[in-house]
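Worksheet: the structure to be examined is printed underneath.
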Amino acid sequence: MISASHTHSGPGALAKRFWESFATGPFEPAVFEEMTRKMAWAAVEAYKGMKPARMGGGSISVPDLIRNRMVAGGPTDSALSFLVFKTLDSGDTVYLVNYSAHPTVLKDENYLISGDFPGALERRLEETPGVIALYTAGAVADMTASPPEGRDDFEKAEKMGRILADKVLESSPGVVYRDQVRIGSIWVTVQLPSTQVKLG
């Protein structure tokens, strides 16, 4: 699976089409080549390093760190879901964590590259030796982060990531691991309302 972890403080210059260039800056071939080379290398290394593992997972509701940015008090998906993989030989652990808040704790005045709160979440989980943490974005849509208070946005992002990571760690002892897992998918067609234009 290839998935973007989604941060609004990531590098731009990666796409040629008008809207992407308008949002993230003119296309720069050198940046594109470097990013795609590293992504391909990571995929090959992961494939070469595959080991038998057991898998489990869980889900916790975390409603205070997410809000609807378009409708005050509107619907949100507060589920903090995670999968845990433990290798059979060494017990090394991989966490795959999913949450539906836009990583926009760092605002548009920030020009530094950052993983925002997902980066902080991964760092917290990886404080334990032998742990790798990955983050995927949920159905972010109009849901955004509602971080705890902090001195600045960087501290808020760090705090939010650590809170989410700690909730995963608190739930981990109750995870039931399986050697064999059935994976399925479902396809649903949804009738959407007419296109709306959002200004701002």
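State whether one or more residues within region 62-72 are on the phi > 0 side of the Ramachandran plot, surrounded by fewer than 15 Cβ atoms within 10 Å (Cβ to Cβ) and either among the small types (Gly, Ala, Ser) or out of contact with any Phe, Trp or Tyr (no Cβ under 8 Å at 6 or more places or on another chain) (or both).
Initially, region 62-72 is screened for residues on the phi > 0 side of the Ramachandran plot, giving none.
The answer is no, given that none of the residues of region 62-72 is on the phi > 0 side of the Ramachandran plot, surrounded by fewer than 15 Cβ atoms within 10 Å (Cβ to Cβ) and either among the small types (Gly, Ala, Ser) or out of contact with any Phe, Trp or Tyr (no Cβ under 8 Å at 6 or more places or on another chain) (or both).
Sub-6 Å Cβ pairs linking a first residue in region 70-92 that is among the basic types (Lys, Arg) to a second residue that is modelled with pLDDT of 90 or more, at least 6 apart or interchain, are 86/53; 86/54; 86/93, ordered by first then second residue. Just so you know, in region 20-33 the residues that are out of contact with any Pro (no Cβ under 9 Å at 6 or more places or on another chain) and part of a helix (DSSP H, G or I) include one that is least open to solvent (accessible area, probe 1.4 Å), and it is 21.
Give the residue that is surrounded by the most Cβ atoms within 10 Å (Cβ to Cβ), with candidates limited to residues of region 111-148 that are of a type in the set (D, E, K, R) and under 29 Å from residue 198 (Cα atoms).
116
For region 111-167, name all the residues that are farther than 27 Å from residue 12 by Cβ, in contact (Cβ under 8 Å) with a residue 24 or more places away in the chain and acidic (Asp, Glu). If the condition is that a residue be farther than 27 Å from residue 12 by Cβ, in contact (Cβ under 8 Å) with a residue 24 or more places away in the chain and acidic (Asp, Glu), then 166 is the only one that fits. When 190, 181 are checked against the criterion of being modelled with pLDDT under 95, under 27 Å from residue 53 (Cβ atoms) and open to solvent by 50 Å² or more (accessible area, probe 1.4 Å), 181 stands alone in meeting it. For region 171-197, name all the residues that are touching a residue at least 40 places away in the same chain (Cβ under 8 Å) and among the charged types (D, E, K, R). Result: 178, 179.
Residues of region 1-19 that are open to solvent by less than 100 Å² (accessible area, probe 1.4 Å) and either touching a residue at least 24 places away in the same chain (Cβ under 8 Å) or under 20 Å from residue 106 (Cβ atoms) (or both): 3, 4, 5, 6, 7, 9, 10, 11, 12, 13, 14.
Take residue 176 and tell me if it is within 20 Å of residue 56 (Cα to Cα), part of a loop (DSSP other than H, G, I, E, B) and either open to solvent by less than 40 Å² (accessible area, probe 1.4 Å) or in contact with a strand residue (DSSP E or B) (Cβ under 9 Å, 6 or more places away or on another chain) (or both). In short, yes.
The values are calculated or read from the model by the stated rules, or taken from the named source; none is laboratory data. Computed from a predicted model, the values in this text were never measured in an experiment. We place every Cβ from the backbone using ideal geometry, glycine too, and count neighbours over all the protein chains shown. Remember, those area values only see protein heavy atoms, side chains included, never the ligands or the DNA or RNA. Shrake-Rupley method; radii C 1.70, N 1.55, O 1.52, S 1.80 Å.
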